[in-house]
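Notes to accompany the following structure.
The values are calculated or read from the model by the stated rules, or taken from the named source; none is laboratory data. These numbers were taken from a predicted model, which means no experiment stands behind them. Here the Cβ positions follow ideal geometry from the backbone for every residue, glycine too, while neighbour counts run over all protein chains shown. For accessibility, only protein heavy atoms count, side chains too; no ligands or nucleic acids. Shrake-Rupley method; radii C 1.70, N 1.55, O 1.52, S 1.80 Å.
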Amino acid sequence: MGWTIGVDVGGTFTDFYAADSASGAIHVGKTSSTPANPADAILNGLHALCNKHKIPMQEIERISHGTTVGTNALIQRTGSRVALVTTKGFRDLLEIGRQTRPHMYDLQIDHPAPLVDREHRIELNERIGALGEIVNEPTPTEINAAVDAVIASEAEACAVGFLFGFRNPVHEQQFAAALRAKAPHISVSLSSEVQPEFREYERLSTTVLNAYLQPVLGQYIRTLEDGVATIAPNASLGINQSSGGLMSPKRSREFPIRTALSGPAAGAVGAGHAASQTGRHNIITLDMGGTSADVALIRDFKVDLAFNRDVAGFPIRMPCVDVETVGAGGGSIAWFDRDGLIKVGPISAGAVPGPACYHRGGDQPTVTDANLVLGRLSTRGLLDGDMGLDAALSRAAYQPLADQLNFTVEKTAHGVLGIVVANMVRTIRTISVERGHDPRDFVLMPFGGAGPLQARDVAVALGMKEMVIPAAPGIVCAQGLLVSDLKEDFVSSTRFKLDVSNGTVLAGLLEQLNAKAQLWFQSESAPTEGRRVALVVDARYVGQNFELAVPVVAGAQLTSADLPNMQVLHAQFCEVHELAYGYASTESPIEIVNVRLSASARLHVFENRSAASITPPAPIARAQQPVFFDDEHSVATNLYDRSTLLSGQRIHGPAIVEQLDTTTPIYPGDIADVTPDGHLIVTINAEL
């Protein structure tokens, strides 16, 4: 029994959430990120958190980390030099791709250039057949020649992807063994290990991305491991992956591409936990940080997974939390486009120099500056007053825009926030309305440092009546890391029709995948209690080009006896198809193309707190200031310290609730109720 700490690295701040499993004590912390070396902010922040709250370093038993190192390396193209070895005749597959344009109506924009130059794409005369049979086996001479070509390319990493490697990995393994024997310093990624699924382009792209990140993330993880071992010698380190679960540092070095959406995934998991504490089954999240905003849809406390995503313009094929991102954050800069209209983002002031009000050299008008101009942020500053804000600098940054528009500074700032809200509303519609979900049936949950500041206008635009503001909105991603399970996904890419004659095929695949899962549980020393496996099939109507994920069955253990009959599975697929496309055919034949098994082990359990037995006193405001809730008039508004709020208390708008990690405005006519777990449930227009 000891402390567990979640650490989430963002573009502006690095967040910490610490929980003591013995006493139930919880502490949060924030420190400025160090983009040059994110490990510095993590280690320094751990020191500060432990010193401030008297947490003995030797009592830290686990540190869970969400990282943006891989994502940033892809965006900035700062990964390693990569060579690619592929089947003869397929060296140009990376450039041919799917022949779809990234923007249908823009003929000037093209896909990003491949991460492997053509001269470093090496062909091997091998061929595995569609059924896994060996059609053409490469000779030792051919393998050695390809190995020498990789070494001559001076590559730091090598991606190996053969046409039907997912059916039979023997040739990939042969080449990898030869390369490792002759050049052990070169990292190797095999498509049959990274993601053994059909669709050769996505599989090859994912394998190349994995190789591109291996040296970069490997060095970072080792540095972090060494630092953690020095200051917290008894702590194990877990790395969050894009599917919303933790993996070991060793696994993350082997498969760094799994961390591509590490941060947003942690936020979705944390939001699901907060939703369960408030009893809100269906949630739309709005995670707004310093650079971007991520939105996700949660049903029955769980976020959906997607298997095809783009990261920095490159397709990846693997389980990822289904999150959409828009370039709208607290540091997003307002600017005039060539058409004379104001745009906000995606350019961001970031952590350095940051918004103008940070007094770090920034002079561009940002979303944070707009909130300060309108009084929604207090000049007392961020981080409980440790980071002061200069309202005069914000006004100076907005004055040129106001002069050009012939508006007041306040009206200009209000308009900029309106643009940001419109951008986020449009993104939320893509994960709700465009997928058959009515936002009015959901509750909005804003978090991140800037989420609660803009959420109310987003909710109104979508017709939503209620919001849940988590107890520590700016730390939700870090908290999500604490409640994340140890997780691993297994897949068998096997195509067969969904009929009675193939029932034994599905049972056999379940047995194979379950055996792999049990070995993984043992290798990771996963806790016996809290283990869970879930079976999902990717299915489609015969003749369709793309498949849908259909949840089949889940439990602590699965055997063939737990499988539904083919008629039930057919009906399950029709339900998923109806939701996705608005129709389903109960007569058309169905085929399965992938069988997936997700294995997880619970590492930490949070107990929900009970409601207070007595009625608490009315909350006491600590100050008052004028706040613009519209673009014309300010309203005298009470300021509350969230750390002093008690379960059962109610705040009537207008009000501003301040805390370490964010600020929450309560609009006139709205009511905010404090839950036993410290969350705020805001009812919109409750008094109108």
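Descriptive notes on the structure:
- Residue that is in contact with a Ser or Thr (Cβ under 8 Å, 6 or more places away or on another chain) and charged (D, E, K, R), where the choices are E225, E172: E172
- Count of the stretch 229-248 residues, restricted to those that are more than 20 Å from V483 (Cα to Cα), buried (at least 20 other Cβ atoms within 10 Å of the Cβ) and not small (G, A, S), is 0.
- Selection over the stretch 150-167 of residues that are buried (at least 20 other Cβ atoms within 10 Å of the Cβ) and either among the β-branched types (V, I, T) or touching a Cys at 6+ places or on another chain (Cβ under 9 Å) (or both) gives a count of 2.
- Taking (1) in contact with an Asp or Glu (Cβ under 9 Å, 6 or more places away or on another chain); (2) in a helix (DSSP H, G or I); (3) in contact (Cβ under 8 Å) with a residue 24 or more places away in the chain in turn, N371 satisfies each apart from (1).
- Filter result (open to solvent by less than 10 Å² (accessible area, probe 1.4 Å) and among the charged types (D, E, K, R)) within the stretch 182-202: E197
- Of residues in the stretch 226-254 being more than 16 Å from H47 (Cα to Cα) and in a loop (DSSP other than H, G, I, E, B), the one farthest from the chain's Cα centre (by Cα): S248
- Residue in the stretch 573-590 that is open to solvent by 20 Å² or more (accessible area, probe 1.4 Å), touching a residue at least 60 places away in the same chain (Cβ under 8 Å) and among the small types (G, A, S) present: yes
- Total residues in the stretch 20-54, condition under 24 Å from G388 (Cα atoms), crowded, with 17+ Cβ neighbours inside 10 Å and out of contact with any helix residue (DSSP H, G or I) (no Cβ under 8 Å at 6 or more places or on another chain): 3
- All conditions in (1) part of a loop (DSSP other than H, G, I, E, B); (2) open to solvent by less than 20 Å² (accessible area, probe 1.4 Å) hold for Y398, with the sole exception of (1).
- Residues in the stretch 642-682 that are among the polar types (S, T, N, Q) and in a loop (DSSP other than H, G, I, E, B): S647, Q649, Q659, T662, T675.
- Within the stretch 183-196, residues that are part of a helix (DSSP H, G or I) have Cβ atoms under 6 Å from residues that are of a type in the set (D, E) in these pairs: S192/E172, counting only partners at least 6 apart in sequence or on another chain.
- Of everything in the stretch 641-667 that is within 20 Å of E410 (Cα to Cα) and open to solvent by less than 30 Å² (accessible area, probe 1.4 Å), the residue that is modelled with the lowest pLDDT is T663.
Results for (1) in a helix (DSSP H, G or I); (2) under 17 Å from L482 (Cβ atoms), shown as yes or no for each residue.
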| residue | (1), (2) |
| --- | --- |
| G6 | no, yes |
| T14 | no, yes |
| Y17 | no, yes |
| S23 | no, yes |
| K30 | no, yes |
| A41 | yes, no |
| N44 | yes, no |
| C50 | yes, yes |
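- Looking only at residues of the stretch 265-314 that are at pLDDT 90 or above and among the polar types (S, T, N, Q), we find that the one that is nearest to D8 (Cα to Cα) is T285.
- Of all the numbered requirements in (1) touching a residue at least 60 places away in the same chain (Cβ under 8 Å); (2) open to solvent by 10 Å² or more (accessible area, probe 1.4 Å), V170 misses one, and that requirement is (1).
- Candidates are the residues of the stretch 613-640 that are surrounded by 14 or more Cβ atoms within 10 Å (Cβ to Cβ) and in contact with a Pro (Cβ under 9 Å, 6 or more places away or on another chain); the one that is nearest to A471 (Cα to Cα) is Y640.
- Being small (G, A, S), touching a residue at least 60 places away in the same chain (Cβ under 8 Å) and outside any loop (DSSP other than H, G, I, E, B) is a condition met by no residue of the stretch 75-82.
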